[in-house]
Amino acid sequence: MTDAILATLPNNIAAIRERRPLIHNIANLVVSNFTANALLALGASPAMVENTEESAELATVADALVVNLGTVSSDLAAAMHLATQAATIARRPWVMDPVAVGALGYRTRLAQDLLHNRPTVIRGNASEIAALSGTSAAGKGVDSVLQPDQVTDCADDLAWQTESVVVVSGAVDYVTDGKDRANIANGHALMTQVTGMGCAATALIGAFLAVAERPFVAAVQAMLTMGVAGELAMKRGRGPGSLQIAFLDLLYELTGEDIVSEARLA
Amino acid sequence: MTDAILATLPNNIAAIRERRPLIHNIANLVVSNFTANALLALGASPAMVENTEESAELATVADALVVNLGTVSSDLAAAMHLATQAATIARRPWVMDPVAVGALGYRTRLAQDLLHNRPTVIRGNASEIAALSGTSAAGKGVDSVLQPDQVTDCADDLAWQTESVVVVSGAVDYVTDGKDRANIANGHALMTQVTGMGCAATALIGAFLAVAERPFVAAVQAMLTMGVAGELAMKRGRGPGSLQIAFLDLLYELTGEDIVSEARLA
Amino acid sequence: MTDAILATLPNNIAAIRERRPLIHNIANLVVSNFTANALLALGASPAMVENTEESAELATVADALVVNLGTVSSDLAAAMHLATQAATIARRPWVMDPVAVGALGYRTRLAQDLLHNRPTVIRGNASEIAALSGTSAAGKGVDSVLQPDQVTDCADDLAWQTESVVVVSGAVDYVTDGKDRANIANGHALMTQVTGMGCAATALIGAFLAVAERPFVAAVQAMLTMGVAGELAMKRGRGPGSLQIAFLDLLYELTGEDIVSEARLA
């Protein structure tokens, strides 16, 4: 399993850079710039479209859809319903990032509603995944009070219930489809002091979904790419400002082989 | 006074990094990323939530609320009314940033309305503070045509009227609660050529309000932190792009003692 | 022609830095921060105001208006109608950036409607300009599938129809008012992997419109400034992250003479 994932990673990175998949984002407004730049740096073609007039139209033709609840409003929620429905009908993969679900009521109900449109992948922190799985485990605002290894059962349950791949981000990321499981020990603690690193991870999953053989593989490869780029960025950066810049440079520079050689995957 | 403010600054910085206060921002959309990153770099936990469904809910539990009028719309204005009312009822401190008040009619009326919910601190440039105090002194768009020392009477008046601490940003910042007054001569002129430096100052005031002994102290300590980080960032940067990055790195790196040793407070 | 444009460039850059023209932006929310920072770095005074309450008021007093369709919604569309009408009545120049026009229906119709308010300049990529001129040439999301030299006839037609200056961005930029034509061979391919470089170009055209002798000259000088800053930024940067930062530094540092000496204008 692990070997197969590492074996296809270089080809999938190359495929993103070659085909430039169109990734439709209904993004978190705070980090839409960073999200678009992360996708561009990796080689994908982001389109940040979140009005109700165009969201379904674009979701039908995009290679993947990324839905982020970070700055949801009633207008954005309407666009999310339209786009995820259109993606499902058009059999396009889509990813959900349930930012701060569990901490605030409106978005918690919205995230549960969106599960009916069957996300291909769900990525959140431990508090968010626990809350979405029905366990009461409120985070503090957007930050988790739990670590992934405390919620593996919740994540497996959620994957079973929804037939989605579930990714729990943290010091060690946990990826599960209820059957296969992976742990990724790459990354650096300072990444949590840059806004939007989690959202960028979700967007990169979208890019890998457009090229990978199956969603579980896409999710693991995206998290490896995030983790390795973040880790190497720390060697160039002095703090959260320069980390963010070096991270974008590295998404552009790193080859699949570079990522495989630094991967800590179990 | 001055000595007491410098004496508690290291402890208050340490308290932010230790307790990670939850700062609820109804932010300026242009600079919400930079604002969130400044708060994260300092050590606080920002949540950028500005929909009408969740703003009151979050304001009730956050350690401080920051309301920025930069990109106000009727939806954001509704969220600001709900959140500031909820914060006042829950006795949570809140800060108002009256961006471009005086230059545009709609937001000038909104800012005056919000004063009824008694901001703990108001931070603006000299044109904005003059306009909010009732003096006619329109700025040019978002930029001030006045310096703080030309509007100290306006600022003192506004502090008296509203029982708020008033901060006037400029080459030398002026902080007043109508009784105590401070001048801060840190900072660098190039900071005005980076969008959102003023908004970041307002957000940092929010972080200090969560830990400081009283609002006047929080405002002065936040402005000192801004000024010293900006000044030292200039030594690393070549222009407004690299200044912004170095500023975030420094908010993360600087100790309270570093800030005290560079402080120019009178 | 070419000589005259290069001859006045240093004076016009100096005029922007001296007069600090107020540039009203109804911006693309993904890149509003980068757009504002590009204008500030060059020396202009940006105001990002896009609510329906204030857009007409500001457009009447601003030195130029920049309208970007990147993240259009029904609210933003209403503000665009109000602001462009107000600018036209007040005889203020305005620039339109038809992001993703041709790829999505709603914004294509909106862009055609806005043409009735007579933009002074229109800047887009080749797919967007072809679509706006009535040729069917859908881009892939926000990215062009054509190069400027494939759509010069479309661009000339559009300039004739609308009495606007039309700028087609690409490896070699093409600028036309239907009579005069210019090609600008500055810039670097990696600029397409930073989100908002095109939007920044449109905004800089706004800044030059506030000071240049006529719109064609403003458009060419702005594209030269973009291209030279991007090209030199590549010498400092390692990838798309550091390119963005160095680009802002260079907009601040470069003199008009620096730009003229690097210009590849035909």
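Checked against (1) under 30 Å from B:Leu265 (Cα atoms); (2) in contact with a Ser or Thr (Cβ under 9 Å, 6 or more places away or on another chain); (3) more than 9 Å from every other protein chain (Cβ to nearest Cβ), B:Pro46 meets all criteria but (3). Summed over region C:188-206, the residues that are crowded, with 22+ Cβ neighbours inside 10 Å, within 13 Å of another protein chain (Cβ to nearest Cβ) and among the aliphatic types (A, V, I, L, M) give a count of 5. The single condition among (1) more than 7 Å from chain A (Cβ to nearest Cβ); (2) crowded, with 24+ Cβ neighbours inside 10 Å that B:Arg19 does not meet is (2). Consider B:Leu29 carefully, then state whether it is within 30 Å of C:Asn25 (Cα to Cα), within 9 Å of another protein chain (Cβ to nearest Cβ) and in contact with a strand residue (DSSP E or B) (Cβ under 9 Å, 6 or more places away or on another chain). Yes: the conditions hold for B:Leu29.
Figure legend. Inter-residue proximity from region A:1-28: first residues touching a residue at least 60 places away in the same chain (Cβ under 8 Å), second residues of a type in the set (Phe, Trp, Tyr) and part of a helix (DSSP H, G or I), beta-carbon distance below 7 Å, spacing 6+ or different chains. Indicated pairs: A:Asn12/A:Phe208.
Filter region B:158-183 for residues that are surrounded by 19 or more Cβ atoms within 10 Å (Cβ to Cβ) and charged (D, E, K, R); which is nearest to B:Met1 (Cα to Cα)? Restricting to residues being surrounded by 19 or more Cβ atoms within 10 Å (Cβ to Cβ) and charged (D, E, K, R), the top hit is B:Asp177. Evaluating B:Asp3 against the criteria (1) under 25 Å from B:Thr176 (Cα atoms); (2) in contact with a helix residue (DSSP H, G or I) (Cβ under 9 Å, 6 or more places away or on another chain); (3) of a type in the set (Asp, Glu) leaves one unmet condition, (2). Here is the figure for region C:53-85: residues that are facing another protein chain (nearest Cβ under 8 Å) and either farther than 18 Å from A:Asn33 by Cα or without any contact (Cβ under 8 Å) to a residue 40 or more places away in the chain (or both) total 9. Among the conditions (1) small (Gly, Ala, Ser); (2) buried (at least 24 other Cβ atoms within 10 Å of the Cβ); (3) under 17 Å from B:Ala62 (Cα atoms), the only one that B:Ser127 does not satisfy is (3). Has region A:3-16 got at least one residue that is of a type in the set (Val, Ile, Thr), surrounded by 24 or more Cβ atoms within 10 Å (Cβ to Cβ) and within 14 Å of chain C (Cβ to nearest Cβ)? Yes: region A:3-16 contains one or more residues that are of a type in the set (Val, Ile, Thr), surrounded by 24 or more Cβ atoms within 10 Å (Cβ to Cβ) and within 14 Å of chain C (Cβ to nearest Cβ).
Checking every residue in region A:167-187 against the condition of being within 14 Å of chain B (Cβ to nearest Cβ) and of a type in the set (Gly, Ala, Ser) gives zero matches. Within region B:225-266, restricting attention to residues that are closer than 17 Å to A:Gln193 by Cα and surrounded by fewer than 18 Cβ atoms within 10 Å (Cβ to Cβ), which residue is nearest to the other protein chains (Cβ to nearest Cβ)? So, considering only residues that are closer than 17 Å to A:Gln193 by Cα and surrounded by fewer than 18 Cβ atoms within 10 Å (Cβ to Cβ), the one nearest to the other protein chains (Cβ to nearest Cβ) is B:Glu253. The set of residues from region B:1-59 being of a type in the set (Ser, Thr, Tyr) and more than 21 Å from B:Asp97 (Cβ to Cβ) comprises B:Thr2, B:Thr8. Residues in region B:236-266 that are part of a loop (DSSP other than H, G, I, E, B) and either within 14 Å of B:Leu9 (Cα to Cα) or out of contact with any Lys or Arg (no Cβ under 9 Å at 6 or more places or on another chain) (or both): B:Gly237, B:Gly239, B:Leu254, B:Thr255, B:Ala263, B:Arg264, B:Ala266. Among the residues of region B:86-117, those that are touching a residue at least 12 places away in the same chain (Cβ under 8 Å) and on the phi > 0 side of the Ramachandran plot comprise B:Ala100, B:Gly102.
Read-outs throughout are calculated quantities, based only on the coordinates presented, and are distinct from any laboratory measurement. This structure is a prediction, so every number in the text was calculated from the model and none was measured. So basically every Cβ, Gly included, is an ideal-geometry build from the backbone, and we count neighbours across all protein chains shown.
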